[in-house]
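Let me begin by presenting the structure, written as structure tokens, before commenting on it.
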Amino acid sequence: MEYEKLHSLEVEKNILGAMIIDNNSCIQVIDEKVREEDFYYTYNKILFRTIKSIFKNNTTMDLLLLIEELKDKDLLSKVNGVSYVTDVSSSVITTANLTSYIEILREYSQKRKLLSLSNHIRTNIGKGLEELQQEVTGLIAETIEGDNNTETSEMQEEEYLYILEKRMKGEISPTKTGLTGLDSKISGFNAGDLVTIFAFSGVGKTALAAQIALNNIRNNNKVLFFSLEMPKEQVRDRLISNLTGVSFKNIRSGQLNDNELDKVIEANTYLSSNNRLLISVEDELLNITSKIQIEIMKNDIDIIFIDYINLINITGNNKEEHYKVAECTRLLKKLAIKINKPIVILAQGKQECASKITNKNLNIWEKVAVNDIAGGASIYRDSDIVIGMYRNIELDNKVVRDILANQSKIDYSSTDPDVNPECMNLLIKKSRASGKDIIAVKWKAQNYRISNWY
């Protein structure tokens, strides 16, 4: 299919005509973020730009205002004269189908961009695979979100006012973690945030990420979860155990009674329906960034998790780990801003520092220090939010718990993880919205469940 089949003059005229004769239609078109580039004909692009400018300055629109503005800017001849503008205005019988016309306009616009993408691939097929993949990924992103290179100061002003209005109406708000103590401090994850969760092995990084993911799913958000450490089914096992209260051990072993089986099947269906949860085991950085952008386009993903960053591979990168991690965090931060979604990465604590957990001379803040993050300082530098985790994993051992209980050194009401096996501390090490702080949450190992303290 060629370009001449990927546009409709009548559709474009109906949208422009509706904007001229009806202020509500003008608001709808602007609110649905129709762009000048979505129009095929140059004279319709000019008309659209002029109508938006008039409406912005006057908060009203009519044919006379439009014609006078075109005259003042010496644009009448470029839009085929007064007769064409009048024809556009009078061609609209009803504005009832405006939404359908906008969908058709946008579909044609996207298809033209995809055709350009196809032509680019065909023209550049002789390039190296990785170079061509990177170019195609960038072009796909432009297809999703529009060509940002054509933005002007005026467009950015309009975009800011649009976002501000949405905030004031409560239509745009940070993505909540579902852990109220944490949300009250950091206000949730903002669009474009790179968030790091780090801890030593066995503390519960994946459990925290999975809990936040599940809380988002319950809040009707869609989640893309990259699991580089464990297979898809194991992530699903944990989420289903958390959802149902059925023991993770029973799910993993398949030792389920009829009631438990029904709960597991129902939870599995819930996670799958409407693409609420997508799990990927892709570990190549280029493929991860490509998949994120494609899944946002296909399934309107709201938040992304990567478990964990130290396991990401970069083809052809043979440098030391901290160089590799620095490249990952740099690109993931840029991507978070580009897609306007929060990306949550998990990071491992350095193995050589793990002994600090059992050092009774250190406080919790010292036991979990940002210098302990494996991979170097880039994770802290590039992240907007950094959350450390502390839990006394020695208390996972029943023998140890029993000994301490006999010595009256176990207190299940305490917010100190060193005396409460069911307590976990989240340490806000960095947040642009708050200061540093420690939040206590409840930990239920049987179901990998993390919940509010109160």
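Below, the figures for the structure above:
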| quantity | calculated |
| --- | --- |
| Selection count where residues are part of a helix (DSSP H, G or I) and of a type in the set (S, T, Y), scope segment 1-14 | 1 |
| Count of segment 370-422 residues which are part of a helix (DSSP H, G or I) and of a type in the set (V, I, T) | 6 |
| Those strands (runs of 3 or more DSSP E) lying entirely in segment 186-282 with at least 3 residues β-branched (V, I, T) and open to solvent by less than 50 Å² (accessible area, probe 1.4 Å) | 194-199 |
| Segment 384-425, residues that are open to solvent by less than 20 Å² (accessible area, probe 1.4 Å) and either hydrophobic (A, V, I, L, M, F, W, C) or more than 27 Å from I197 (Cβ to Cβ) (or both) | I385, V386, I387, M389, L395, C423, M424 |
| Residues of segment 342-369 classified as at pLDDT 85 or above and not in a strand (DSSP E or B), total | 1 |
| Count of segment 410-450 residues which are free of Cβ contacts under 8 Å to residues at least 40 places away in the same chain and either hydroxyl-bearing (S, T, Y) or touching a helix residue (DSSP H, G or I) at 6+ places or on another chain (Cβ under 7 Å) (or both) | 6 |
| From the options L66, L76, residue that is out of contact with any Cys (no Cβ under 9 Å at 6 or more places or on another chain) and closer than 17 Å to N23 by Cβ | L66 |
| Test: residue in segment 309-319 that is open to solvent by 40 Å² or more (accessible area, probe 1.4 Å) and under 23 Å from the mean Cα position of the chain (by Cα) | yes |
| Failed item in (1) open to solvent by 20 Å² or more (accessible area, probe 1.4 Å); (2) assigned to a helix (DSSP H, G or I), with K127 passing the rest | (2) |
| Residue match in segment 354-369 (condition: surrounded by fewer than 20 Cβ atoms within 10 Å (Cβ to Cβ), closer than 18 Å to Y308 by Cβ, touching a residue at least 60 places away in the same chain (Cβ under 8 Å) and touching a strand residue (DSSP E or B) at 6+ places or on another chain (Cβ under 8 Å)) | no |
| Residue within segment 103-120 that is assigned to a loop (DSSP other than H, G, I, E, B) and over 27 Å from the mean Cα position of the chain (by Cα) present | no |
| Residue tally, condition over 23 Å from L6 (Cα atoms), surrounded by 14 or more Cβ atoms within 10 Å (Cβ to Cβ) and among the small types (G, A, S), over segment 82-117 | 1 |
| Subset of segment 15-63 (residues that are in a helix (DSSP H, G or I), among the aromatic types (F, W, Y) and under 18 Å from N80 (Cβ atoms)) | Y43, F48 |
| Only listed residue being surrounded by fewer than 15 Cβ atoms within 10 Å (Cβ to Cβ) and among the hydrophobic types (A, V, I, L, M, F, W, C), chosen from L76, L64 | L64 |
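Table: residues versus (1) at pLDDT 85 or above; (2) among the basic types (K, R); (3) over 30 Å from L132 (Cα atoms).
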| site | (1), (2), (3) |
| --- | --- |
| L6 | no, no, no |
| D38 | yes, no, no |
| N44 | yes, no, yes |
| T59 | no, no, yes |
| E69 | yes, no, yes |
| V82 | yes, no, yes |
| E103 | yes, no, yes |
| L115 | no, no, no |
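The values are calculated or read from the model by the stated rules, or taken from the named source; none is laboratory data. If you're wondering where the values come from, they're calculated on a predicted model, not measured in any experiment. No Cβ is skipped: glycine too gets one built from the backbone with ideal geometry, and neighbour counts run over all protein chains shown. The accessibility values were calculated without ligands, DNA or RNA, using every heavy atom of the protein model including side chains. Shrake-Rupley method; radii C 1.70, N 1.55, O 1.52, S 1.80 Å.
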